[in-house]
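Worksheet: one structure, shown below.
The values are calculated or read from the model by the stated rules, or taken from the named source; none is laboratory data. This one's a predicted model, so the numbers in the text were calculated from it and none came from an experiment. With ideal geometry, Cβ positions are generated from the backbone for all residues, glycine too; neighbour counts draw on all protein chains shown.
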Amino acid sequence: MPSVRIFTGNSNPELAREICAYVNVPLGNARVNRFSDGEIRVEIDESVRGADVYVIQSTSAPVNDNLMELLIMADALKRASAGSISAVIPYFGYARQDRKAAPRAPISARLVTDLLLAAGCSRLITMELHAGQIQGFFNGPVDHLYCSPVMLRYLKDLELHNPVIVSPDAGGVERARSYAKRLDAALAIVDKRRSGPNVAEVMHLVGDVEDSDVVLVDDMIDTAGTICQAAQVLRDFGARRVFALATHPVLSGPAITRLSESVIEEVIVSNTIPLTAAGRACPKVKVLSAANVFGEAIKRIHDLSSVSSLFHF
């Protein structure tokens with residue numbers, strides 16, 4: 001069977017090292033830096049001929065730099081005769097542009113998958129896509145992983161009182177229902193009306209949260225406007241404690257300030273995106289590692305065993 005090689009760009013090297021430790025494969029020798037004019041320069045410093053190569057790179061901020069690093073690394077590996085190249089993208093940038101939401105709008109998520117294929121990636125491994133249909137944009141195998149096994153273990157240890165899982169909008173109900181089922185908790189929904197990009201107005205609550213420990217569940221927290229407004233509504237309706245849970249801590253703009261000043265007791269996220277200095281300094285933010293999920297998926301893919309059985313828990 002071909003050997004496994006794991007490489008990473010500059011977006012999230014700490015996660016890549018954790019994944020390598022789980023798989024028991026050393027991190028590949030590659031240099032990813034810049035020419036003086038800002039162009040990305042990639043050098044692969046070991047043979048990858050015939051190997052199954054996994055490139056770990058979240059396309060988080062700076063989104064375009066990290067995406068270009070991934071594409072150029074894939075091209076370098078392809079030209080070095082790698083047997084296969086799998087793009088491991090813990091956080092898939094541009095996922096919110098998955099359809100034509102307005103006239104003459106691009107479908108940028110499809111463009112990104114086309115670029116990955118053109119660069120030589122034959123497989124995509126990612127986690128908690130903002131829109132599940134993006135799996136169909138990539139013309140090859142897609143392993144859509146979930147951080148829920150890690151998150152659920154942590155939530156069970158909290159010993160929540162009369163727990164209620166809450167979706168901050170109608171689009172996240174399926175995700176919230178999945179958590180509620182596994183925690184044997186009730187389900188509620190916050191109705192949200194969006195007046196513009198990154199601007200949300202919370203309207204009302206569907207469900208009962210009085211005297212309950214509630215967990216707001218979403219795939220990502222960006223500017224934190226939605227999650228903080230929803231948390232306040234829950235407290236207004238009698239929630240005892242409010243937690244927020246999201247796989248991807250995008251945390252852009254005023255997010256940290258909003259979370260720090262909100263009624264949310266703890267913000268539970270994964271390490272698919274490395275936190276900024278402000279995020280690391282925020283005492284409310286709790287980071288759980290998704291490395292074992294990715295590591296186990298890589299091992300199972302290489303051994304030709306089931307990946308879906310990861311989620312039978």
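The table below lists the values:
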read-out: Residue in region 73-81 that is of a type in the set (A, V, I, L, M), closer than 18 Å to Leu124 by Cα, in contact with a Cys (Cβ under 7 Å, 6 or more places away or on another chain) and in a helix (DSSP H, G or I) present; value: yes
read-out: Number of the exception - Gly253 against (1) crowded, with 16+ Cβ neighbours inside 10 Å; (2) out of contact with any strand residue (DSSP E or B) (no Cβ under 9 Å at 6 or more places or on another chain); value: (1)
read-out: Hits in region 256-284 (condition: touching a Pro at 6+ places or on another chain (Cβ under 8 Å), aliphatic (A, V, I, L, M) and surrounded by fewer than 23 Cβ atoms within 10 Å (Cβ to Cβ)); value: Leu275
read-out: Inter-residue pairs, beta-carbon under 7 Å, first on the phi > 0 side of the Ramachandran plot and in region 77-100, second modelled with pLDDT of 95 or more and of a type in the set (Gly, Ala, Ser), 6+ apart; value: Ser81/Gly50; Tyr94/Ser108; Tyr94/Ala109
read-out: First in region 197-218 and under 15 Å from Gly171 (Cα atoms) and surrounded by 13 or more Cβ atoms within 10 Å (Cβ to Cβ), second anywhere and modelled with pLDDT of 90 or more and of a type in the set (Gly, Ala, Ser), Cβ under 6 Å, 6 or more apart; value: Ala200/Gly225; Val202/Ala230; Leu216/Ala230; Leu216/Ala244; Val217/Ala176; Asp218/Ala246
read-out: Conditions (1) of a type in the set (A, V, I, L, M); (2) buried (at least 16 other Cβ atoms within 10 Å of the Cβ); (3) closer than 29 Å to Val215 by Cα: number failed by Leu117; value: (3)
read-out: Set Leu70, Leu116: member being in contact (Cβ under 8 Å) with a residue 40 or more places away in the chain and either hydroxyl-bearing (Ser, Thr, Tyr) or under 20 Å from Gly295 (Cα atoms) (or both); value: Leu70
